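Throughout, read-outs are computed from the coordinates displayed, never taken from laboratory work. What you are looking at is a predicted structure, and each value in this text was computed from that prediction instead of being measured. Note that we place each Cβ from the backbone using ideal geometry, even for glycine, and neighbour counts take in every protein chain shown.
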Amino acid sequence: MKNILSSRIGIIITGSIIGAIAVILQAAGNPPNMGICVACFERDIAGALGLHRADVVQYLRPEIPAIVLGAFIISIIMKEYKPRAGSSTLIRFFLGMFAMIGALVFLGCPWRALLRLAGGDLNSLLGLLGLICGIAVGVLFLNKGYNLGRTYSNNKASGWIFPAFMLALVLLNVFEVSFSESGPIFFSAKGPGSMHANVLISLAAGLAFGVIAQRSRFCTMGSIRDIILARDFHLMSGVAALLVTAFIGNLILGKFNPGFTAQPVAHSNHLWNFLGMTLAGLAFALAGGCPGRQLILSGEGDADAGVFVMGMITGAAFAHNLSLAGKPDSMAEEVVTLGGPGIYGQAAVIIGILFCLVIGFTMREKLTVKS
Amino acid sequence: MSDHIIDARGLSCPQPVVLTRKTINEGIAAFDIIVNSDVARENVLRTLKNSGMKSDIRSEGDDFIIKASK
């Protein structure tokens, strides 16, 4: 069967739907400029499970599991579900960890970077610039033969583990399970973690994301990579559609507030917005997908992508336990206090970039053309 | 089968495309690419189209064999 969503018009429709649903989620209760953010929401999940104790960012976001489950279901229906694993698993775990640390220094994944820009948060431009630079470095490695090796077909059950784990997260949210008095599952009473749409709306939105992104192969990192690598603007047309749709949605709802200062859940520390996303972009490029794409792949049966996601969740726990994440700008009595990462966060970004460079230089397998 | 065969099975995005482009840039006019995922198949076909190459595809078990030619 012809896959309509993988055509040029299909990817544009996908980007538009993601942008529109994101703005609707914001209106329905999700945090500002954060209708959907894979990094932030995985961080909230880590917090809800008690893996970190930053009490303002703890909520079992249903969008994340729903994306995986949406991709899982549609890939089975379309006969694209293929359990596979075995491509440099531990490296992917650490790439996920460092990608998350970079994203949390900036405060958002590429999807949220676009949503922030669509809401007028100009700090996001520094993040997007960093993302492009990180991906460009990744492309240099790709052109020099970088790769993490082949994946191999795996038993059917190996592909079910991740969707099953995601389903468990949904159930823990829905039944508000409490494992001990004053213990997890945590639900933030204040801060971004306390802001969320109704569970059913979040689930429906996540499922929709999962289905259309699986069919269209939507990937923000890939959109930039493909332009640098092959002058291929296919994926970028979807990403641009997301940005434009969310921008129009914000204009309609009166949520477009252009500027650098006092933007919601953001900081205006330009250098670290840039470097945080440079790290994230490089790690996404080396791992072969943005955080959203990794969720989709893990739903399709790619256990290595599932490991990347687990790395991201672990990275979020480290980011808050070790004070690595960027702090948002704060405003008290008209005085804005500049946020951004502390010294340990800055060190973590540098270490992360060095880690990625070592991986980029060392992971090469000669894949020659047989003749 | 052509003389030149690229085995891109199990390679994650964008390796199949990188290998396809490399082969085109080496001036090889006809070659086969074997992939085993729908995404890789779509990406390779798009790359060939963008490079002005002709392509012909058949499936063999779980694999897709794409014949590329000028």
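Some points to look at:
- Inter-chain Cβ neighbour average for residues A:145-152, partner chain, 10 Å: 4
- Most to least packed among A:265-275, A:229-239 [average Cβ atoms within 10 Å]: A:265-275, A:229-239
- For chain A, the membrane-span-like helices by this rule, meaning whole DSSP H stretches whose C-alpha atoms cover at least 30 Å of axis and whose Kyte-Doolittle mean is -1.0 or above, are A:123-143; this says nothing about an actual membrane.
- Of the two radii for the stretch A:174-235, the radius of gyration is 1.23 times the Kirkwood radius, both from the alpha carbons; that is the Rg over Rh value.
- Largest first, the extents of the alpha carbon coordinates of the stretch A:225-307 on the three principal axes equal 40, 29, 28 Å.
- The packing ranking of peptides A:115-124, A:150-159, highest mean first, is A:115-124, A:150-159, where packing means the average number of other beta carbon atoms within 10 angstrom of each residue.
- Rounded to 5, percent antiparallel among DSSP beta bridges of chain B: 80
- Long-range Cα-Cα pairs in the stretch A:1-110 (distance over 16 Å), rounded percent: 72
- For the stretch A:74-231: rounded, prolate or oblate by the Cα gyration tensor [a/c cutoff 1.5]: oblate
- Chain A - mean residue ellipticity at 222 nm from DSSP helices (-39,500 (n - 2.57) per run, n ≥ 4, rounded to 500): -20000 deg cm²/dmol
- Listed residues A:283, A:347, A:213, most fluctuating in chain A (Gaussian network, C-alpha, under 10 Å): A:347
- Where Rh is the Kirkwood radius over Cα pairs, Rg/Rh for the stretch A:148-276: 1.02
- Relative to the current alpha-carbon distance between residue A:129 and residue A:337, full extension at 0.36 nm per residue lengthens the span by 72.5 nm.
- If you count Lys pairs in chain A whose Cα atoms are under 26 Å apart, skipping same-chain pairs closer than 8 places in sequence, the total is 11.
- Max mean-square fluctuation residue, GNM over chain A, Cα-Cα springs under 10 Å, options A:57, A:349, A:199: A:199
- Each part gets one Cα centre, and for the stretch B:9-33 versus the stretch A:296-368 those centres are 31 Å apart.
- For peptide B:26-34, the mean count of partner chain Cβ atoms within 10 Å of a residue's Cβ comes to 1.
- Antiparallel %, DSSP beta bridges [both residues in the stretch A:4-362], to 5: 75
- Local charge for residue A:317 was computed over the other residues whose Cβ lies under 12 Å away, with Lys and Arg +1 and Asp and Glu -1, and equals 0.
- Rg/Rh, computed from the Cα trace of the stretch B:5-69 with Rh as the Kirkwood radius, has the value 0.91.
- Considering only the Cα atoms of the stretch A:107-166, their convex hull presents on average a projected area of 6.7 nm².
- Its Cα gyration tensor gives chain A an equivalent ellipsoid. The semi-axes, each the square root of 5 times an eigenvalue, are 28, 24, 22 Å from largest down.
- Remark: mean inter-chain Cβ contacts per residue of B:4-12 equal 6, using a 10 Å Cβ-Cβ cutoff to other protein chain atoms.
- Helix B:15-25 vs. chain B, principal-axis angle (Cα, 0 to 90°, nearest 10): 20
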